[in-house]
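Encoded as structure tokens, the structure appears first; notes follow it.
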Amino acid sequence: MKRLNGKVALVLGAGCVIDDWGNGNAAAVAFAREGAKVVCVDMNEAAAARTAGLIHAEGGEAIHAAADVANAAQVNAVVEQAMQRYGRIDVLHNNAGINTRGGVVETAEEDFDRVFDVNVKGAYLSCKAVIPIMKSQGGGSIIHVSSIASITWTGHPILSYQASKAALNQMTRMIAVQHGPDNIRCNSILPGLIDSPRIHVTMLSFYDGDVERMREARSRSVPMKRMGDVWDVANAAVFLASDESKYITGAVLPIDGGVTCTMAH
């Protein structure tokens with residue numbers, strides 16, 4: 001039996017930076033493969049439409065929409081669109097996120113603010129809109145995509161990203177405690193060194209543009225001696241979305257091949 005039959009999943013950040021598999025579209029497709037109806041939302045409408053198209057091509061049910069997750073009106077609009085189409089929201093998957101390179105001195109104030117707007121405020125706005133719906137339904141599952149950078153130094157200064165994801169972890173715990181009596185679960189996934197298209201945008205500059213050098217260095221640092229892929233993250237999301245994890249809430253789950261075991265927290 002498909003694990004998400006009868007459920008509706010709202011995925012924010014459901015696109016991919018290029019026409020390939022990323023954490024967002026992999027999660028959306030994985031939800032659909034398990035029987036969920038999926039609302040694919042991305043700031044880039046074409047990317048959201050591509051994800052919905054992937055689901056349709058496999059016989060699944062999906063719609064797409066564009067929204068800036070840091071804009072309350074746009075978030076509320078896509079939540080309303082999901083409700084008008086499907087009448088419920090069982091899974092909220094907050095994958096939308098950005099980062100910017102630099103430590104506390106190098107990071108521009110406007111970059112710091114924008115990272116927090118997307119990574120933290122975006123999750124706050126979607127939870128604010130969806131939690132009352134889940135409460136009225138009798139429950140639901142909220143999944144935040146955080147990062148191992150939220151709990152440890154990862155070798156490069158990305159201050160705004162690291163701080164924002166740490167804030168997201170604490171938001172996860174607070175929601176889990178406050179809304180546990182409402183049968184609303186909230187968990188965070190912490191991807192580790194994942195070989196996804198986004199790292200070519202955000203991390204390649206640390207390796208002088210050398211893709212193979214980046215992959216080798218990142219794989220070498222992992223106890224399993226390889227990077228993860230987007231399906232490792234998506235499969236964890238399916239588990240947390242499903243009733244198989246019905247007694248798991250407030251968890252901050254590394255998907256990292258053991259790399260955080262080797263780092264000082």
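No lab work stands behind these numbers, since they all come straight from the coordinates. Nothing here was measured: the structure is a model prediction, and the numbers come from that model. We place every Cβ from the backbone using ideal geometry, glycine too, and count neighbours over all the protein chains shown.
For I158, nonlocal amide neighbours, meaning residues 5 or more places apart or on other chains whose placed amide H falls under 5 Å from its own, are G102. Were the residues from Y247 through R173 laid out at 0.36 nm apart, the gain over their Cα-Cα distance would be 25.2 nm. Result for the chain in a Gaussian network model with C-alpha springs under 10 Å: among I189, I248, I133, the largest mean-square fluctuation is at I248. Computed from the C-beta positions of T262 and E110 and an R0 of 45 Å, the FRET efficiency is 0.80 to the nearest 0.05.
Converting phi to 3J(HN,Hα) with the Karplus coefficients 6.51, -1.76 and 1.60 and the offset θ = phi - 60°, the stretch 46-63 yields 4, 5, 5, 5, 4, 5, 4, x, 4, 5, 4, 5, 9, x, x, 10, 7, 10 Hz in sequence order, with x at every glycine or proline. The chymotrypsin sites (Phe, Trp or Tyr not before Pro) of the stretch 157-261 meeting both criteria, a DSSP state outside H, G, I, E and B (loop) and at most 16 other C-beta atoms within 10 angstrom of the site's C-beta, are Y247. Gaussian network model of the chain, Cα springs within a sub-10 Å range: biggest mean-square fluctuation belongs to which of A65, A123, A108? Checking each option, the largest mean-square fluctuation is seen for A108. Remark on A96: its backbone amide H falls under 5 Å from those of L12, G13, a criterion applied only to residues 5 or more positions apart or on other chains, H modelled at 1.01 Å from N. Coupling constants for the stretch 81-86 follow from the phi torsions by the Karplus curve (6.51 cos²θ - 1.76 cosθ + 1.60, θ = phi - 60°), and in residue order they are 4, 4, 5, 5, 7, 10 Hz; glycine and proline get x. Sequentially through the stretch 234-242, phi angles give Karplus couplings (6.51, -1.76, 1.60; θ = phi - 60°) of 4, 5, 5, 5, 4, 4, 6, 6, 8 Hz, Gly and Pro residues having no value and appearing as x. Annotation: lysines with alpha-carbon distance below 26 angstrom to K135 (same-chain offsets under eight excluded): K2, K7, K37, K121, K165, K246. Arranged from fewest to most other beta-carbon atoms within 10 Å of their beta carbon, V17, V39, V177 become V177, V17, V39. Note on S219/S136: beta-carbon distance plugged into 1/(1 + (r/R0)^6) with R0 of 45 Å gives a FRET efficiency of 0.45.
Per-residue ellipticity at 222 nm, computed for the chain from helices alone with -39500 (n - 2.57) per DSSP H run of at least four residues, works out to -13000 deg cm²/dmol.
The trypsin sites (Lys or Arg not before Pro) of the stretch 144-241 that DSSP puts in a loop, and whose beta carbon has at most 13 other beta carbons within 10 Å, are K225. You can think of it this way: the chain between N44 and H156 has 37.5 nm of extra reach, that is 0.36 nm per residue less the Cα-Cα gap. Counting every other Cβ atom within 10 Å of each residue's Cβ, V38, V29 order from fewest to most as V29, V38. Between the amide H of G140 and those of I184, R185, distances stay under 5 Å, these residues lying 5 or more places away or on another chain, with hydrogens modeled in the peptide plane.
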